[in-house]
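**Student:** Let me begin by handing over the structure; questions about it come next.
Laboratory data are not the source of any read-out in this text; all were calculated from the coordinates shown. Just so it is clear, the model here is predicted, and its values are computed rather than measured. Ideal geometry is used to build each Cβ from the backbone, glycine not excepted, and the neighbour counts take in all protein chains shown.
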4 protein chains.
Amino acid sequence: MVPSDTVTRILDAAEVLFAEHGFSETSLRRITGRAEVNLAAVNYHFGSKQALIQAVFFRYLDPFSADLHQRLDALEADETGACDLEGLLDTLFTSVLEMPSEGHDLRTFMKLLGLAYSQAQRHLRDELRNRYGDIFSRFLKLLRRATRELADDERFWRLHFMLGSVIFTLSGLNTLRDIAEHDYHQRITIRELAQRLKPVALNALRAPVTEVASNAMTAQHADQVTCYPRTGTHS
Amino acid sequence: MVPSDTVTRILDAAEVLFAEHGFSETSLRRITGRAEVNLAAVNYHFGSKQALIQAVFFRYLDPFSADLHQRLDALEADETGACDLEGLLDTLFTSVLEMPSEGHDLRTFMKLLGLAYSQAQRHLRDELRNRYGDIFSRFLKLLRRATRELADDERFWRLHFMLGSVIFTLSGLNTLRDIAEHDYHQRITIRELAQRLKPVALNALRAPVTEVASNAMTAQHADQVTCYPRTGTHS
Amino acid sequence: MVPSDTVTRILDAAEVLFAEHGFSETSLRRITGRAEVNLAAVNYHFGSKQALIQAVFFRYLDPFSADLHQRLDALEADETGACDLEGLLDTLFTSVLEMPSEGHDLRTFMKLLGLAYSQAQRHLRDELRNRYGDIFSRFLKLLRRATRELADDERFWRLHFMLGSVIFTLSGLNTLRDIAEHDYHQRITIRELAQRLKPVALNALRAPVTEVASNAMTAQHADQVTCYPRTGTHS
Amino acid sequence: MVPSDTVTRILDAAEVLFAEHGFSETSLRRITGRAEVNLAAVNYHFGSKQALIQAVFFRYLDPFSADLHQRLDALEADETGACDLEGLLDTLFTSVLEMPSEGHDLRTFMKLLGLAYSQAQRHLRDELRNRYGDIFSRFLKLLRRATRELADDERFWRLHFMLGSVIFTLSGLNTLRDIAEHDYHQRITIRELAQRLKPVALNALRAPVTEVASNAMTAQHADQVTCYPRTGTHS
DNA sequence: CATGAATGAGGCTTCATTCAT
DNA sequence: TATGAATGAAGCCTCATTCAT
């Protein structure tokens, strides 16, 4: 039941090295070397390098997924909050930031997430979609309630714009932070970054919808798009 | 001067394969195989795999950089436009989208850009910063004029939020487009995506600035943060 | 005394897998996997992989050896039959075919026997010769009585010709049967194959002996080849 | 065109080691060690271990196949000989024995052939059948003319009985020869063995056909089987 | 200018076995 | 009696690179 010391040590080493150098660029030898563990132990405990990569993600995302589920339960219990975009984003941010993360680093993990998307790890993306599709769908459904004015496809793309912002900045945080520190003499924390991101994300999601000249556009969509009194932001 | 056929064929093959499988995951054998070129040709013409990777980027970014310079010249000539955020973004988008790109695919290149950021290609990032620092600085300066209300550091982060949106969505475009097509029966083009992105980016950059509770923040600073028309940080 | 369930399960699994994939190509992992038994159980119960291989043979050959001994007892008791080649072969065939073989398959075992001869399993051949030398010698002695016209060395080689026929066809039975079924629409059983083999073996053992042109052979000897009733070597 | 020295050295080493220890039991390291060649050379020149195994066979069988084709041409040109079983077998034996075999050993190759049949080398058997199916079919057709009295299926099985005799005795020749030498003080050559085998094979093919009580037996087959004037040998 | 051959290093995986429990 | 964990050795294969031609 309890993961053996060896398993934990391998996961710890892999997490850091993967984040730092990428998956392909990190050899099992290096991982087991850092973990001070026999090379064959990886295959014994995980079966393959691919499985190890997935295990690194699961160890992080499983608790997160559970935590976010709980928070969404609470959010749904509160009738008024259910449709509030800001509240929804707050919930998400809180869940991400408050993860116990014994020893893990959010930054490290975000780099991994960035890698997962950009590197050719089809197996990983499939597995993540498979394993965390539920929580993602649930969040998406709430987001829909909170952004009724958006067409489904529009919301889809905006959500991924935001996802890109998060993953890109967090996964490249080390580099970016160095630049920022050098240019603006300010060392930012992840929490501060989240605070900066929130209003941006809010405003982005609430941006007015421009008519997109699509091939497949239906009349209804077109209607929804134009009549669209937005609040808050301004041109 | 004129790149030999061999060189071009190698670059073409490398561009596609790198984008599809990542740098480390693409062997020279595969590249030369696709290019129908001798294995040793890569080292002969480029010297090393790293140099080939850089060459792929240079071939794309050099013309783009020149093109954007020209467009910014025109923009600066027009006094009124110089401070218009929308105009600036339009210029950028146009330059990106109108790149002659003989045979190249914008999507392909964006995937490469995503890889360059997430993968452990220190040498590449350094070289890109070195070679295209000028055009980036120039754009940043204009952006600054167009967003005077933003503190420098705030602008810095928001710019990277936007960069993340672009790179993430474009580099993962194939996947995302498939999902969108499946769920919303709508096959999007890059141009349409740009159209969707523009209002979002605009609104994101113009989002109100929230107080950031920094560790090193002094009380005065905290006050300044809430009032909207920016003061605070310094030029 | 009674082999534990674990032991039996291992032997069963090993028998099938060895026959199907060869000794070296079958890992203990696979065997214990199929047997649903702990990996270490093989080394615990048998000591080593080699010992397991031998045990598989012993389990089959020990009862067979005992059975054949009994049948030869009966044959020897009958004075007339002792010198009848057909009777001797019948006895052998019967013993082979009537083996109780609880759960074992004659075909499976013949494949193992083929492997034992062709694969580099010195230890195994030595052990088999050691353990079953007696019954083999006894059979050979009877065969000698039944084929007095053959020189010892001639008999030796012919016996192995026959052995080759048996082992080769039975060990490759699956494949050959498939071909035969495809080409001649006839699915043969092991018993039918034995029936086909018997006259062939009989006739083969009784073939006229040709003069063997040894290195030092003179021209005259060569002439002798055509004349039928054998002369030449002898015991 | 001319196989490089490296290629030949690898093939030579592989041939001997495979024959001596089997395919799985012979590592590429050992082969390249014996051939005094870089380990990676095998993969460079052959692509994989499997391909190397096949190449070993091709090097031997390609010339043999060509030679046998020629001899069969000659045999068919001679009208009278075309239907003579003894002549046909002589042709085959001659072709096998007279193979130039620069440096190769027939015995070595026969061991390989034995391995090919008994070991789990599906890929090899398929490739052999594919590549040498023609010459085999041609021989079979001639054999059919020479053994008109045999039903097709009967001939099929008897042919494989003979094949088993050949492969088994030749592939185990070293061992058997040692025994024979010890027991009968006679060191046999391959040619002598062939001479011993010939009359046995002839008589085996000409053995009287016994009625086989098959499930699927048709009336015609039954007829063919019984009416069967045999010559020569007898029970 | 180009290439076929070759190479040393290192990749992941699997193996049979051992040992503490 | 049985087992989960661990291990050193070795397996095959692929890599980027070099070099003589």
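**Student:** Got the C:R148 label distances to the other copies yet, label 7 Å along Cα→Cβ, in nm, shortest first?
**Tutor:** Computed spacing set for this position: 4.1, 11.3, 12.9 nm.
**Student:** On to the next question. What are the label-to-label distances in nm, one decimal and shortest first, from A:Q50 to the same spot in the other copies, with labels 7 Å along Cα to Cβ?
**Tutor:** Ordered by distance, the counterparts are at 1.8, 3.1, 3.8 nm.
**Student:** What is the mean projected area of the alpha carbon convex hull for the stretch D:58-222, to one decimal in square nanometres?
**Tutor:** Result: 12.0 nm².
**Student:** Just tell me how shielded B:186-196 is by partners: mean number of partner chain Cβ atoms within 10 Å of each residue's Cβ, no decimals. Don't skip to the end; give the middle numbers.
**Tutor:** Working: counts 11, 3, 7, 4, 0, 2, 6, 3, 1, 5, 11.
Averaged over the peptide's residues, the number is 5.
**Student:** A follow-up question, please. Which value, in debye to the nearest 20, describes the size of the charge dipole of the stretch B:58-222 about its Cα centre when Lys and Arg Cβ atoms bear +1, Asp and Glu Cβ atoms bear -1, and nothing else is charged?
**Tutor:** The calculation lands at about 380 debye.
**Student:** Right, next: Test of understanding: what is the full-extension gain from D:R131 to D:L85, defined as 0.36 nm times their sequence separation minus their Cα-Cα distance?
**Tutor:** Values: separation 46, 0.36 × 46 = 16.56 nm, distance 2.56 nm.
Length difference between fully extended and current span is 14.0 nm.
**Student:** Let me ask something else about it. With unit charges on the beta carbon (Lys/Arg positive, Asp/Glu negative), name the residue among B:T108, B:L75, B:S95 whose Cα is farthest towards the positive pole of the charge dipole of the stretch B:58-222.
**Tutor:** Ranked along the dipole, the leading option is B:T108.
**Student:** A follow-up question, please. Using Cα positions and a limit of under 21 Å, work out the lysines in reach of D:K49, with same-chain residues fewer than 8 apart set aside.
**Tutor:** Reachable lysines: D:K111.
**Student:** Obtain the nm distance between the two label points defined at C:A51 and B:T210 by a simple spin-label model: each point lies 7 Å from its Cα along the Cα-to-C-beta direction.
**Tutor:** 7.0
**Student:** Measuring from label point to label point, each 7 Å out along Cα→Cβ, what is the D:S27 to A:R122 span in nm?
**Tutor:** For the pair D:S27/A:R122, the computed spacing is 3.3 nm.
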